[in-house]
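Presented below is the structure to which this report refers.
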Amino acid sequence: MTIRMDKLIKVIATALDIVEGELLGASTYHGKRIAVLCADMGRYMGMDTEGICGLTTCALLHDNALTEYILSERSGKKHDSAMQLHCELGQHNVDSLNFQTDIRGFILYHHERADGSGPYSKRAGEVPLGAELIAIADSIDVTNHLQRVPIAALPNLREAISKSIGETYTPRAAEAMLHVLEEKMLLSLQDDRILETAEQFIPLWSVDLADQVILNLAQLVTRIIDYKSTFTQCHSTQIANKVWLMGGYYGYDPSQRVQVFLAAALHDLGKLTTPLSILEKPGALDADEFRIMKNHVAKTWELLKEVDGLETIRAWASNHHEKLDGTGYPFGKKADELDFNSRLMACIDIYQAVSEERPYHPRRNHKDTMKILYTMVDKGQVDKNIVRDLDTVLACFSDQNVPAPSID
Ligand SMILES: [Fe+2]
Ligand SMILES: [Fe+2]
Ligand SMILES: [Fe+2]
Ligand SMILES: [Fe+2]
């Protein structure tokens, strides 16, 4: 059984765009616009499909380390160069995706300028072509908001690009951009057309479900989500690792384990749309704030709708706040509508949330965490057998983190 990595990466890019919008004011579909421009420029520069696949993935995920870097700054760490940090972390994160093509430096150097005034002082010709293409597309979209540039303004935009050659843009990247950025392309980048355009330009990439690269991508997603808030720094990562562990306990085959791991990694994807002021509010949320907080699950559901073939994983991911007695959210499903993996996801999410430090409660050890889960069993809210199994399997970790999995 295979999964469409390109579709999964596009969903992650949509979620990243939302964060980039909240934190930096970037536009919706920013990542997809850059990927489309890169694909077309890459083709013009003679790249093959594998090369374009690597390039568009890096373009979609160019700011994947944004939450990681911002959290590091917020926690008081001083960095020599903030710009360098998100480039380094971002490159490191995509290196784990095992491309068939060389993507070294593509994200690392995505803020370099032709005159050497970028974060690494690299000049034209000193960085790989992929980095130059991402850099020019990123810079042009951020400064010009390509989704709303009127056709009449295109000549001025093209002239501005030509004038910046040797300063901001390298000659070969500018040549490629001027070749592709014509009327038809500009129209294809508008908000109402971009999803369709992305389908045409971004190469299809299917991967077997038992491939390590899916676990690596899932781990990349958990880092993006978890680093949004100080209080959730290992939340999704630990839920995914614990689900993997339980999959082993229940004798799941490798592809079943990957599917539940992926569902766990994606379960709080919608939290990227929840404002930080709510995620980190010290004290109880008021009714409106609670409604916004609860909406993260519906957002997870909505974001994952973009990926066909992911329906089961989407259901497990989106059922993590449902309860057997129908008091959960967002759907208020009852026991007979919640399959085993949905119940497992819910129990592990509660285990993790209750054991972690939060603005409104301290860390809890395994014993105290289990007490809360057993109370919920008594109320008929969670699955009794799964709770007992969690007690058995997780006790030996004595409050240590469960390690990340790998496929042999
Ligand atoms: Fe960046
Ligand atoms: Fe960007
Ligand atoms: Fe959640
Ligand atoms: Fe969660």
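The values are calculated or read from the model by the stated rules, or taken from the named source; none is laboratory data. Small disclaimer: the values here were computed from a predicted structure and weren't measured. Please note: Cβ atoms are built from the backbone with ideal geometry, for glycine as well, and neighbour counts cover all protein chains shown.
When you look at R148, is it at pLDDT 95 or above, more than 16 Å from ligand 3 (Cβ to nearest atom) and basic (K, R), yes or no? Lay out the reasoning, then the answer.
On the way: at pLDDT 95 or above: no; more than 16 Å from ligand 3 (Cβ to nearest atom): yes; basic (K, R): yes.
Against the criterion (at pLDDT 95 or above, more than 16 Å from ligand 3 (Cβ to nearest atom) and basic (K, R)), R148 does not qualify.
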Just one of (1) away from ligand 2 (no atom under 15 Å from the Cβ); (2) touching a helix residue (DSSP H, G or I) at 6+ places or on another chain (Cβ under 6 Å); (3) hydrophobic (A, V, I, L, M, F, W, C) trips up C53, so point out which.
-> (2)
Out of A287, A346, which single residue is out of contact with any strand residue (DSSP E or B) (no Cβ under 9 Å at 6 or more places or on another chain), more than 16 Å from ligand 2 (Cβ to nearest atom) and within 18 Å of T222 (Cα to Cα)?
-> A346
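Please go through the range 126-171 and pick out each residue that is acidic (D, E) and more than 31 Å from the chain's Cα centre (by Cα).
First, the residues of the range 126-171 that are acidic (D, E): 126, 132, 138, 141, 159, 167.
E159, E167 - these are the residues of the range 126-171 that are acidic (D, E) and more than 31 Å from the chain's Cα centre (by Cα).
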Qualifying residue in the range 105-122 (condition: under 24 Å from E199 (Cα atoms), of a type in the set (S, T, Y) and either away from ligand 3 (no atom under 16 Å from the Cβ) or in the same structural domain as L16 (by TED's automatic domain parsing) (or both)) | no
Output for the range 282-302, where each listed residue is more than 16 Å from the chain's Cα centre (by Cα), part of a helix (DSSP H, G or I) and not charged (D, E, K, R) | A287, F290, I292, M293, N295, A298
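Conditions tested, residue by residue: (1) more than 23 Å from V36 (Cα to Cα); (2) of a type in the set (K, R).
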| position | (1), (2) |
| --- | --- |
| H86 | no, no |
| V94 | no, no |
| I107 | no, no |
| R113 | no, yes |
| G118 | yes, no |
| P128 | no, no |
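Give the residues of the range 225-236 that are within 14 Å of ligand 4 (Cβ to nearest atom), in contact with a Ser or Thr (Cβ under 6 Å, 6 or more places away or on another chain) and either not basic (K, R) or not in a loop (DSSP other than H, G, I, E, B) (or both), sorted by residue number. Break it down into steps so the answer makes sense when it comes.
We begin by selecting, within the range 225-236, every residue within 14 Å of ligand 4 (Cβ to nearest atom); these are 225-226, 228-229, 231-236.
From the residues that got through so far, the ones that are in contact with a Ser or Thr (Cβ under 6 Å, 6 or more places away or on another chain) too are 225-226, 228, 236.
Hits for the range 225-236 are I225, D226, S236.
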Taking the range 58-115 as the search range and keeping residues that are modelled with pLDDT under 90 and of a type in the set (F, W, Y), which one is nearest to ligand 2 (Cβ to nearest atom)?
-> Y69
Listed by first then second residue, the pairs whose first member lies in the range 43-64 and is assigned by TED's automatic domain parsing to the domain that holds I18, whose partner is away from ligand 1 (no atom under 16 Å from the Cβ) and among the hydroxyl-bearing types (S, T, Y), with beta carbons under 9 Å and at least 6 positions apart or on separate chains, are M47/T101; D48/T101; E50/T101; G51/T101; I52/T101; C53/T101; G54/T101; L55/T101
